[in-house]
Amino acid sequence: FRRVLFRSQQELEVKVDQATLVIRHQKEEVEKQKEVAEQQKEFAEQQKQIAEEQKVVAEQRKNEVEEKNREILDSIVYAKRIQTAILPPPRVVKAFLKNSFILYLPKDIVAGDFYWMDGIDDTVFFAACDCTGHGVPGAMVSVVCNNALNRAVNEFAEREPGRIFDRTRELVDR
């Protein structure tokens, strides 16, 4: 009976040793998986932090662009005020040309198109002008051309349309 008991005990110890090895192996696997999970969690947190930092940078850049856009738009609106100031007011045009109207629809806020008028003695000079360029560059050219037209008629006393435009071109090309 002792032999049987001894043999049973040995078989049981072998089974316990085998089960212990399986459990140790499983424990090692669980610890490895836990370590991998921790690394993945840490990586995810780093990625989240990077994404948050990028979001802050993107928001700052968006705000900078919006501010620059406001500044540019404010400048363009101010340029429109300047360009509007050089245009003869409709009441003045009506005073010289009673049955007239003005349809001025620039493509942009400011434009290279403009109209000009001057009255000398009993003669009215009126021009619808289209300067090269659109937007702000065109508006700048229109201010220069308006000034040149005024100078051609008032300073250089040009009275014939062809001579007025020749003098204007000469003044602008300087």
Take the residues of region 116-128 that are over 41 Å from the mean Cα position of the chain (by Cα) and in contact (Cβ under 8 Å) with a residue 24 or more places away in the chain: which is nearest to Gln83 (Cα to Cα)?
Phe125
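Residue by residue, here is whether (1) in a helix (DSSP H, G or I); (2) of a type outside the set (Lys, Arg); (3) under 35 Å from the mean Cα position of the chain (by Cα) holds:
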residue: Arg81; (1), (2), (3): yes, no, yes
residue: Thr84; (1), (2), (3): yes, yes, yes
residue: Arg91; (1), (2), (3): yes, no, no
residue: Asn99; (1), (2), (3): no, yes, no
residue: Tyr104; (1), (2), (3): no, yes, yes
residue: Asp130; (1), (2), (3): no, yes, yes
residue: Val141; (1), (2), (3): yes, yes, yes
Quickly run through region 136-155 and pick out the residues that are over 18 Å from Asp166 (Cβ atoms) and touching a strand residue (DSSP E or B) at 6+ places or on another chain (Cβ under 7 Å).
Gly138, Ala139, Ser142
Taking interchain pairs and intrachain pairs at least six residues apart, which have beta carbon atoms under 6 angstrom, with the first residue in region 153-174 and under 17 Å from Thr123 (Cβ atoms) and open to solvent by less than 100 Å² (accessible area, probe 1.4 Å) and the second among the hydrophobic types (A, V, I, L, M, F, W, C) and assigned to a loop (DSSP other than H, G, I, E, B)?
Arg167/Phe156
Among (1) touching a helix residue (DSSP H, G or I) at 6+ places or on another chain (Cβ under 8 Å); (2) open to solvent by 70 Å² or more (accessible area, probe 1.4 Å); (3) not basic (Lys, Arg), the one test that Gln83 misses
(2)
Is region 42-52 home to any residue that is open to solvent by less than 80 Å² (accessible area, probe 1.4 Å) and either basic (Lys, Arg) or under 28 Å from the mean Cα position of the chain (by Cα) (or both)?
yes
State whether the residues of region 89-106 include one that is of a type in the set (Lys, Arg), touching a strand residue (DSSP E or B) at 6+ places or on another chain (Cβ under 8 Å), without any contact (Cβ under 8 Å) to a residue 40 or more places away in the chain and more than 24 Å from Leu73 (Cα to Cα).
no
Being open to solvent by 90 Å² or more (accessible area, probe 1.4 Å), modelled with pLDDT of 90 or more and polar (S, T, N, Q) is the filter here, so list the residues in region 86-137 that pass it.
Asn99
Could you check Asn146 against (1) at pLDDT 95 or above; (2) over 33 Å from the mean Cα position of the chain (by Cα) and say which number it fails?
(2)
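The values are calculated or read from the model by the stated rules, or taken from the named source; none is laboratory data. Every value quoted in this text rests on a predicted model; they were computed, and no experiment measured them. Heads up, the Cβs are rebuilt from the backbone with ideal geometry, glycines too, and the neighbour counts pull from every protein chain shown. These area figures cover heavy atoms from the full protein model, side chains too; ligands, DNA and RNA do not enter into them. Shrake-Rupley method; radii C 1.70, N 1.55, O 1.52, S 1.80 Å.
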